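Heads up, the thing below is written out as structure tokens.
No value in this document is a laboratory result; all are computed from the given coordinates. Computed from a prediction, not measured in an experiment: that's the story for all the values here. Cβ atoms come from the backbone with ideal geometry, glycine included; neighbour counts cover every protein chain shown.
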Amino acid sequence: MVRRVGETGAPPKGTPDPELLAWAETERFVLVSEDRSTLPDCLRARLDGGGHSYGILWIRPGTTVGRLIEELFLIWQVCEEDEFRDRGIYIPL
């Protein structure tokens, strides 16, 4: 299942990073984000505080939508559910 911030069933746009990370953990979602400025520090604080994450996939600058879709499809096909748990990975790999 895929959810986009701001749509029904997902946090509204502008949700602070700590709340977004908490929601993603509760719902067992891996986050896909371009936010490399504040989200990494929020993830570290969450992990240091005993929280967890199902992972964050940071999109590398300049990645085309087509390449992003290909990469996400490949990840979906070959990765285990908890492979990115408590980790942040840059994509494309």
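Observations on the model:
- Descending semi-axes in whole angstrom, ellipsoid equivalent of the chain, from the Cα gyration tensor: 20, 15, 14
- Added length on full extension, which subtracts the Cα-Cα distance from 0.36 nm per residue, Cys79 to Glu7: 23.3 nm
- A DSSP coil position with no more than 16 other Cβ atoms inside 10 Å describes the following trypsin sites (Lys or Arg not before Pro) in region 33-93: Arg36, Arg85, Arg87.
- DSSP-loop GluC sites (Glu not before Pro) across region 1-56, with at most 14 other Cβ within 10 angstrom: Glu7, Glu34
- FRET E, pair Ile69, Ser33, Förster distance 22 Å, beta-carbon r, rounded to 0.05: 0.90
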